[in-house]
Amino acid sequence: MNALSAVAGVLKRWLLPARPAGLYDRQLVVLALALMAVGLVIVASASIPEGIAINNDPFMFVKRHGLFLVMALGISWFVLQVPMARWQHYNGPMLVLAIIMLVLVLLVGRSVNGSIRWLPLGPFNLQPAEFGKLALFVYLAGYLVRRQNEVRERFIGFMKPMAVLFVVAILLLAQPDLGSVVVMFVTSLGMLFLAGARLVQFIGLILVGVGAVVTLIIVEPYRMRRVTSFLDPWADPFGSGYQLTQSLMAFGRGSWFGEGLGNSIQKMEYLPEAHTDFVFAILGEELGYVGVLGALFLIFALAFKALKLGHQALVAERLYEGYLAIGIGIWFSFQTFVNVGAASGMMPTKGLTLPLVSYGGSSLIIMMVAVSMLIRIDFELRQASAQARVREVS
């Protein structure tokens, strides 16, 4: 009987390959869904006055946001079926498509508040800058795999992706969208640094980048006003500092435990963009310091999972997946830092969404596509690990 049991065990392991606990990282899924749920609730609360003012419908924006959530989940399911090798193979055409879209938005795009950032597609407005971020990181991960030695040993290998970033940045600045450029620049530098770029080149490019950002701020009066209002918003509380002072009032009213869900005063058309760029201020007012910490924990836990997953992929010598996961982790964490920093007065206003929380279909969908890529990377790592164990047994 013991011999038969041993044979049966070997046959079972051979016919039914051993799998790690779970086929995917459930924590990634839970974190993403939790953030989407928080976003739905806060957007529903923050957008009521705006919906009434625009269309006499208090649920106008939350219905749209709910539709965006359904679209994001549907597209994410499709992305989960795509092997990472396919993304690596088509990273070049994907970047070209993003550049074409950025050109089109300048030619036929829709202007809102003086910025031309949206392509009108019937009832839906597409923001190519969001797709451009993902396309750039997908391309850069592929480049780092193809040219890893060149990036480490030659200056030209380091500058080639920077030239691509420069082209994308010019198109984004023409909209204008400095915030997306800064996110792309920081994330690209992080990926290049982890790929082994020389420290001297890295420091030099940081200095050039900082100088370029300072120049862009100085030459544009509206950007200069944002910086001066950020330094002292109370000097002009009803002018250039209005948005920031209203945001700070929201955080002040929230205190430790908040005014309660739905009880924000600042969303009553005092704080502009309350359901988009400054949704975090409304979250702070209604849910307080505890709610703020909870939301930040969810976002940075997701970013940490991405960075950890990237490290695991690099250790397993799956370089493309590793670089891309690390890029997504840097992207999520830095964009969160910029959004929260702008809402709390730590940084000038940049007009960036809070990942998976703020209202905005393009941002929500692209962020969920990025999360789906992380889940797929984890799935393929687990699958490879299981197959390796099967080979060891056989």
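The values are calculated or read from the model by the stated rules, or taken from the named source; none is laboratory data. Quantities reported herein were computed from a predicted structural model and do not represent experimental measurements. Note that we place each Cβ from the backbone using ideal geometry, even for glycine, and neighbour counts take in every protein chain shown. Surface areas here come from the heavy atoms of the whole protein model, side chains and all, with no ligands, DNA or RNA. Shrake-Rupley method; radii C 1.70, N 1.55, O 1.52, S 1.80 Å.
Residue 263 satisfies every condition listed in (1) open to solvent by 20 Å² or more (accessible area, probe 1.4 Å); (2) assigned to a loop (DSSP other than H, G, I, E, B); (3) in contact (Cβ under 8 Å) with a residue 24 or more places away in the chain except (3).
Taking first residues from segment 169-197 that are part of a loop (DSSP other than H, G, I, E, B) and of a type outside the set (Asp, Glu) and partners that are open to solvent by 30 Å² or more (accessible area, probe 1.4 Å) and at pLDDT below 85, the Cβ contacts under 6 Å between residues at least 6 apart in sequence or on separate chains come to 175/116; 175/117; 196/152. The residue that is nearest to residue 193 (Cα to Cα), counting only those in segment 136-170 that are in contact with a Gly (Cβ under 8 Å, 6 or more places away or on another chain) and among the hydrophobic types (A, V, I, L, M, F, W, C), is 151.
Out of contact with any helix residue (DSSP H, G or I) (no Cβ under 6 Å at 6 or more places or on another chain) and among the aromatic types (Phe, Trp, Tyr): does that describe residue 251? Let's see the steps before the verdict.
Working: out of contact with any helix residue (DSSP H, G or I) (no Cβ under 6 Å at 6 or more places or on another chain): no; among the aromatic types (Phe, Trp, Tyr): yes.
No: the conditions fail for residue 251.
Suppose the filter is loosely packed, with under 15 Cβ neighbours inside 10 Å, touching a Leu at 6+ places or on another chain (Cβ under 9 Å) and more than 17 Å from residue 180 (Cα to Cα); does residue 74 pass it?
No.
Kindly evaluate residue 52 against the criterion of being open to solvent by 40 Å² or more (accessible area, probe 1.4 Å), among the β-branched types (Val, Ile, Thr), more than 21 Å from the chain's Cα centre (by Cα) and closer than 30 Å to residue 291 by Cβ. Talk me through it step by step, then tell me what you get.
Details: open to solvent by 40 Å² or more (accessible area, probe 1.4 Å): yes; among the β-branched types (Val, Ile, Thr): yes; more than 21 Å from the chain's Cα centre (by Cα): yes; closer than 30 Å to residue 291 by Cβ: yes.
When the stated conditions are applied, residue 52 passes them.
Among the residues of segment 101-117, those that are surrounded by fewer than 20 Cβ atoms within 10 Å (Cβ to Cβ) and farther than 18 Å from residue 184 by Cβ comprise 104, 107, 108, 110, 111, 112, 113, 114, 116. Is it the case that segment 144-161 has a residue that's closer than 16 Å to residue 90 by Cβ and assigned to a helix (DSSP H, G or I)? Yes, segment 144-161 contains at least one residue that is closer than 16 Å to residue 90 by Cβ and assigned to a helix (DSSP H, G or I). Please find, within segment 1-46, the residue that is surrounded by the most Cβ atoms within 10 Å (Cβ to Cβ) out of those that are more than 27 Å from residue 80 (Cβ to Cβ) and modelled with pLDDT of 85 or more. Filtering first and then ranking leaves 46. Among the residues making up segment 296-312, a single one is surrounded by fewer than 24 Cβ atoms within 10 Å (Cβ to Cβ), more than 15 Å from the chain's Cα centre (by Cα) and of a type in the set (A, V, I, L, M, F, W, C): 297.
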